[in-house]
Amino acid sequence: MKKLLVLTMIVALFGTLTAKAQGKPQRPSPPDTVKAVTSAGVDISVAYSQPAIKGRTIGKEIAPWGQIWRTGANEETALTVSKDVKVNGNALPAGKYSIWTIPGEKEWTIIINSNTKNWGTQHDAAADLFKFTVKTEKSAAFTERLKFAIDKSGKVSFSWGDYMVAFNVK
């Protein structure tokens, strides 16, 4: 009887591990969504996952300088706007888009992409709508986990470590 019980437990554990391995990739970073309605009446949301620094250095071990980054973790980071807008002067129709970046110590390139179906590390360069560069600012406080914010003016920003990056949606 004991052998049957032990065998049943082993089979159940193996089945659980196999089921997890066959599903979507695990989410090691917690998801978050920020939403705001601008003073111009535009609903803006950013859905993303929050990677942690965990003692690593931004620009070296994580989000390497000069290399394309998914701007978060897990799935692609999604920007949704309810109306046609301009993002740092670039026209963007109402809809859902992915945000990619090329990090830099003094400036980051922001890339708005029309593909929102890929897993986060699969950048589809052919679907890039536009790119623009913004200055990197010093964050008000060290932020262990990536954190997005949206204010009433349409400023979308994210802080991570000692860095803060922002762009305007109008």
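The table that follows gives values for the structure above.
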read-out	value
Qualifying residues in segment 154-168 (those that are closer than 13 Å to K35 by Cα and more than 15 Å from the chain's Cα centre (by Cα)) - the one surrounded by the fewest Cβ atoms within 10 Å (Cβ to Cβ)	K155
Single residue of segment 94-115 satisfying the filter (surrounded by fewer than 19 Cβ atoms within 10 Å (Cβ to Cβ) and hydroxyl-bearing (S, T, Y)) that is farthest from V165 (Cα to Cα)	S114
Identity of the residue in segment 105-118, within 13 Å of the chain's Cα centre (by Cα) and assigned to a loop (DSSP other than H, G, I, E, B), that ends up modelled with the lowest pLDDT	N118
Condition met for K152 (among the charged types (D, E, K, R), out of contact with any Lys or Arg (no Cβ under 9 Å at 6 or more places or on another chain) and assigned to a loop (DSSP other than H, G, I, E, B))	yes
Residues within segment 50-89 that are of a type in the set (S, T, Y), free of Cβ contacts under 8 Å to residues at least 40 places away in the same chain and not in a loop (DSSP other than H, G, I, E, B), tallied	1
Where D124 falls short, out of the listed (1) under 18 Å from V46 (Cα atoms); (2) free of Cβ contacts under 8 Å to residues at least 12 places away in the same chain	(1)
Looking only at segment 119-151, and only at residues there that are among the hydroxyl-bearing types (S, T, Y) and surrounded by fewer than 16 Cβ atoms within 10 Å (Cβ to Cβ), the one that is farthest from the chain's Cα centre (by Cα)	T133
Among the residues listed as K117, K147, K96, K152, the single one being charged (D, E, K, R), under 16 Å from A47 (Cβ atoms) and touching a residue at least 60 places away in the same chain (Cβ under 8 Å)	K147
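The values are calculated or read from the model by the stated rules, or taken from the named source; none is laboratory data. Treat the numbers as computed from the prediction; the structure is a model and nothing was measured. Neighbour counts are summed over all protein chains in view; Cβ atoms, including those assigned to glycine, are modelled from backbone coordinates with ideal geometry.
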